[in-house]
1. Within the stretch 13-43, how many residues are open to solvent by less than 30 Å² (accessible area, probe 1.4 Å) and at pLDDT 90 or above?
2. Just wondering, is there one or more residues in the stretch 52-67 that are modelled with pLDDT of 80 or more, crowded, with 19+ Cβ neighbours inside 10 Å, charged (D, E, K, R) and outside any strand (DSSP E or B)?
Amino acid sequence: MILESTTYPGTTADVLAPILDKESGPAAGVDFFVGFSSERIDPGNATWNLPTTPKLVSGINSSSRESTARLGNQQLVSGINSSSRESTARLGNQTMHPSSDAFRST
């Protein structure tokens, strides 16, 4: 299960995974993987579109993170680990947009 949304940090591990555990029976992160993929689009940008825009991913544990990266064919940026959750992914994601805009403007 991959949450790809604009949401607050902690949603994947603190809200989604417990609901899935309770309702499904199997254990999140053990019997199935739960990850986060930041929502990243730039409508109308011919250069940075859905397939070419790098995304940061995370998961509730390292197996979930790796599966999220593989399943989405995403670029896993070093430094994201099981303890970082989506808050680190969101921070990196929010930092990357202004940085790439600044480089394009110079």
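1. 6
2. Yes, because at least one residue in the stretch 52-67 is modelled with pLDDT of 80 or more, crowded, with 19+ Cβ neighbours inside 10 Å, charged (D, E, K, R) and outside any strand (DSSP E or B).
The values are calculated or read from the model by the stated rules, or taken from the named source; none is laboratory data. Just so it is clear, the structure is predicted and the values come from calculations on it, not from any experiment. Ideal geometry is used to build each Cβ from the backbone, glycine not excepted, and the neighbour counts take in all protein chains shown. In case anyone asks, the SASA skips ligands and DNA or RNA and just uses the protein heavy atoms, side chains included. Shrake-Rupley method; radii C 1.70, N 1.55, O 1.52, S 1.80 Å.
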